[in-house]
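First, the structure itself, so that you have it in front of you.
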Amino acid sequence: MSEPTPALAALEQEPIGAIDHVDLLIVKLPFVAPFGISTYVWSVKEALLVRLESDGIIAWGECVADPDPFYSPETVPGARYIVKEFLLPLVVPDATLGEVEHGFRKVRGNAMARATVENALLDLIAKRKGTPLHELLGQPRRRIPSGISIGLQETQEKLLAAVDEAVSKGYHRVKMKIKHGQDVEWVRAVRERFPDIALMVDANGDYALADADHLRRLDAFGLTMIEQPLGYSDIYQHSLLQPRLATALCLDESIHDLDDAAAAIDLGACRVINVKQGRVGGILEAVRMAHYCTERGVPVWSGGMDETGIGRAVNIHLQTVPAFTIPGDTSETSRYFAEDIVEPPVVLDADGFIAVPDGPGIGVAVLEDRVARYTLDRERLR
Ligand code: OSB
Ligand code: MG
């Protein structure tokens, strides 16, 4: 495996340089269909964007926080406050990226806010060099395997139709959301119709350790993993559940950084980790975590937060790092948006793979007229 560490060490030395303008935007894009998890159903994407302008170069960062606290405690207004009051003041011209990241670590939690600014800075650094983000990470271009996350459906028929569509599109693995009352029989229905697909479930914390016997019934379906069955901030109880199941557990929302990943692995709380760059403080920490987990024998994959094309592109570049061995939650743009704020959209090729956008930085063009059309609020800070 090629080492990401030398590339990261070099990146940490990159100067921030002068930034002429900083804008915070809140955008709101309709979803083509509602997306439901055990705690909530979203029908729009509302996100905080950071726009940096330096010497005519425009760089972007997308925050994965939702307006509500139903996946994570971070929210759009909270992230905006943290970005504006505590993070952007640390982004000074004579600092290096490493110094900025070090300063950001004094800000407790708020990893989604930190990721937003850090990713915008990485886009800026890459665009100044005229290189795509994956090259900044020291990685050659490679095709990225696809994966789809199917939200809770009203009926088993609708679920089967959604899985059928995903399979015929060529997705490399299918994840279905589950919750109490919509689990074992729904998984059985999918498994009976699709005996051979790579299938996994995500409960977003809907169960308790007392449900262990119930969850064990999922062992019958050859799932690749069960994602975050227990509490959204729990690691310990997952370590008690994992030995009682044959199926691998995967942690998502309870892993915020490398230390959490190390604790989860030490405790045997999971056999797989979902590394969402937007949840762990940005691309650099995500790469460190992916590398660390892999060395400890725990494979990782890149999650998604139904991002617009800005965050979606970041997730794709991240997956050029070879430690991302399992297909992630990276699906076509059209699954979520009729019209996105970037071009080109993410599409699957005939084999179900995704091409890495190869322009400078995140590699996709952010269309400012479209951004303007979907903007709820815009504030120029510098
Ligand atoms: O748990 O991975 C999750 C979306 C919103 C909140 C939480 C999750 C998700 C997804 C969607 O599963 C992944 C994607 O398609 O981007
Ligand atoms: Mg999840």
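The values are calculated or read from the model by the stated rules, or taken from the named source; none is laboratory data. All values reported here derive from a predicted model rather than from experimental measurement. As a convention, Cβ positions derive from the backbone with ideal geometry for all residues, glycine included, and neighbour counts pool all protein chains shown.
Which pairs have Cβ atoms under 7 Å, sit 6 or more apart or on different chains, and link a residue in segment 250-275 that is touching a residue at least 60 places away in the same chain (Cβ under 8 Å) and closer than 20 Å to LEU318 by Cβ to one that is in a loop (DSSP other than H, G, I, E, B) and more than 16 Å from ligand 1 (Cβ to nearest atom)?
Within 7 Å, the pairs are ASP257/GLY281.
Which of the residues that make up segment 259-287 are more than 16 Å from ligand 1 (Cβ to nearest atom), under 15 Å from the mean Cα position of the chain (by Cα) and assigned to a helix (DSSP H, G or I)?
The answer is ILE283, LEU284, GLU285, VAL287.
Which of the residues spanning segment 254-268 are closer than 20 Å to ARG244 by Cβ and more than 15 Å from ligand 2 (Cβ to nearest atom)? Steps first, answer last, please.
Taking segment 254-268 and keeping what is closer than 20 Å to ARG244 by Cβ, we get 254, 263-268.
Across segment 254-268, the qualifying residues are ALA263, ILE265, ASP266, LEU267, GLY268.
Here's another thing I want to ask about it. Does segment 44-56 contain at least one residue that is in contact with a Ser or Thr (Cβ under 8 Å, 6 or more places away or on another chain), under 24 Å from THR333 (Cα atoms) and surrounded by fewer than 20 Cβ atoms within 10 Å (Cβ to Cβ)?
Within segment 44-56, not a single residue is in contact with a Ser or Thr (Cβ under 8 Å, 6 or more places away or on another chain), under 24 Å from THR333 (Cα atoms) and surrounded by fewer than 20 Cβ atoms within 10 Å (Cβ to Cβ).
Any idea which of GLY352, GLY359, GLY328, GLY363 is at pLDDT 95 or above, under 17 Å from VAL314 (Cα atoms) and more than 18 Å from the chain's Cα centre (by Cα)? So that I can check it myself, show each step before the final result.
Working: GLY352 fails: under 17 Å from VAL314 (Cα atoms); GLY328 fails: more than 18 Å from the chain's Cα centre (by Cα); GLY363 fails: more than 18 Å from the chain's Cα centre (by Cα).
Answer to the selection: GLY359.
Tell me which residues, restricted to segment 143-176, are away from ligand 2 (no atom under 16 Å from the Cβ) and within 19 Å of the chain's Cα centre (by Cα).
ARG143, ILE144, PRO145, SER146, TYR171, HIS172
Among VAL107, VAL117, which is the only one that is at pLDDT 95 or above, part of a loop (DSSP other than H, G, I, E, B) and of a type in the set (Val, Ile, Thr)? Show your work before the answer.
Values: VAL117 fails: part of a loop (DSSP other than H, G, I, E, B).
Going through VAL107, VAL117 in turn, just one is at pLDDT 95 or above, part of a loop (DSSP other than H, G, I, E, B) and of a type in the set (Val, Ile, Thr): VAL107.
Failed condition for ASP306, given (1) touching a Phe, Trp or Tyr at 6+ places or on another chain (Cβ under 6 Å); (2) charged (D, E, K, R); (3) surrounded by fewer than 19 Cβ atoms within 10 Å (Cβ to Cβ), with all others met?
So ASP306 meets the others, but not (3).
Got a number for residues in segment 153-184 being aliphatic (A, V, I, L, M) and within 17 Å of GLY304 (Cβ to Cβ)? So that I can check it myself, show each step before the final result.
Quick first cut of segment 153-184, residues aliphatic (A, V, I, L, M) only: 159-163, 166-167, 174, 176, 178, 184.
Still in the list and also within 17 Å of GLY304 (Cβ to Cβ): 162, 166, 174, 176.
So the answer is 4.
Something else: Could you tell me whether segment 294-304 includes any residue that is part of a helix (DSSP H, G or I), touching a helix residue (DSSP H, G or I) at 6+ places or on another chain (Cβ under 9 Å) and charged (D, E, K, R)?
No, the conditions are met nowhere in segment 294-304.
Identify all residues within segment 351-382 that are within 13 Å of ILE144 (Cα to Cα) and aliphatic (A, V, I, L, M); write none if there are none.
Matches in segment 351-382: ILE354, ALA355, VAL356.
A further question on this structure: When residues of segment 158-183 are filtered for being in contact with a helix residue (DSSP H, G or I) (Cβ under 9 Å, 6 or more places away or on another chain) and surrounded by fewer than 17 Cβ atoms within 10 Å (Cβ to Cβ), how many remain?
Count: 2.
Being of a type in the set (A, V, I, L, M), in a loop (DSSP other than H, G, I, E, B) and touching a Leu at 6+ places or on another chain (Cβ under 9 Å): is that true of VAL347 here?
The answer is no for VAL347.
Could you tell me whether any residue of segment 226-238 is assigned to a helix (DSSP H, G or I), within 16 Å of ligand 1 (Cβ to nearest atom) and more than 22 Å from PRO145 (Cα to Cα)?
yes
For VAL64, indicate whether it is closer than 25 Å to THR131 by Cβ and within 16 Å of ligand 2 (Cβ to nearest atom).
So VAL64 passes the test.
For segment 329-382, which positions are among the charged types (D, E, K, R) and in contact with a helix residue (DSSP H, G or I) (Cβ under 6 Å, 6 or more places away or on another chain)?
Matches in segment 329-382: ASP340 only.
Which members of segment 120-140 meet the condition of being buried (at least 17 other Cβ atoms within 10 Å of the Cβ) and outside any helix (DSSP H, G or I)?
If the condition is that a residue be buried (at least 17 other Cβ atoms within 10 Å of the Cβ) and outside any helix (DSSP H, G or I), then PRO132, LEU137, GLY138, GLN139 are the ones that fit.
Which members of segment 157-188 meet the condition of being assigned to a helix (DSSP H, G or I), away from ligand 1 (no atom under 14 Å from the Cβ) and closer than 22 Å to GLN228 by Cβ?
Those that are assigned to a helix (DSSP H, G or I), away from ligand 1 (no atom under 14 Å from the Cβ) and closer than 22 Å to GLN228 by Cβ: LEU159, VAL163, VAL184, GLU185, TRP186, VAL187, ARG188.
If you go through segment 243-292, how many residues are touching a Gly at 6+ places or on another chain (Cβ under 9 Å), of a type in the set (Asp, Glu) and under 16 Å from THR116 (Cα atoms)?
1
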